[in-house]
Amino acid sequence: MVDVVLMQGFAGFMWLLSMALIVFSGFALIDAATRREDAYRAADKQTKPFWLIILGIAFVVNLIFNILSFLPIIGLIATIVYMVDVRPALRGLPGGGRSSRRGSSSDGPYGPWNGGR
């Protein structure tokens, strides 16, 4: 009886851990997809397609394989490298490396251009 309860508890913990890895790798993949291509070169990191492929593979591996396998661990390492090395370097760039443009097309380097008025 105690063995069954312990095994169910362990299985539940492993399921939660697996879900956390899926969410973590999914967040990293979405974050990498929203960054500008030139930001990766400016931060002197690998290219955007490289990180999208690596993080996409890590996400799919986390969906398919059991957490006790070695492939999700490799995917976790790749995701951690992105989150602690590449993402802070991209966020440190002006504009945070995001692909959305916030200013107007008439903005200059020191603010909006008003046509000499």
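A single entry from 7, 14 fulfils the requirement of being exposed (fewer than 13 other Cβ atoms within 10 Å of the Cβ), farther than 16 Å from residue 82 by Cα and hydrophobic (A, V, I, L, M, F, W, C): 7. Would the stretch 57-70 turn up any residue that is of a type in the set (Val, Ile, Thr) and modelled with pLDDT under 90? Yes, the stretch 57-70 has at least one match.
Counting the residues of the stretch 28-49 that are over 18 Å from residue 76 (Cα atoms), under 13 Å from the mean Cα position of the chain (by Cα) and of a type in the set (Val, Ile, Thr) gives 1. Among the candidates 74, 80, the residue that is surrounded by fewer than 17 Cβ atoms within 10 Å (Cβ to Cβ) and either part of a loop (DSSP other than H, G, I, E, B) or touching a helix residue (DSSP H, G or I) at 6+ places or on another chain (Cβ under 8 Å) (or both) is uniquely 74.
Contact map, the stretch 23-35: first residue over 14 Å from residue 49 (Cβ atoms) and open to solvent by less than 10 Å² (accessible area, probe 1.4 Å), second residue of a type in the set (D, E, K, R) and not in a helix (DSSP H, G or I), Cβ cut-off under 7 Å, separation 6 or more or different chains; the map is empty.
The values are calculated or read from the model by the stated rules, or taken from the named source; none is laboratory data. This structure is a prediction, so every number in the text was calculated from the model and none was measured. Using ideal geometry, Cβ is built from the backbone for each residue, glycine included, and neighbour counts are taken over all protein chains shown. Accessible surface areas use protein heavy atoms only, side chains included; no ligands, DNA or RNA. Shrake-Rupley method; radii C 1.70, N 1.55, O 1.52, S 1.80 Å.
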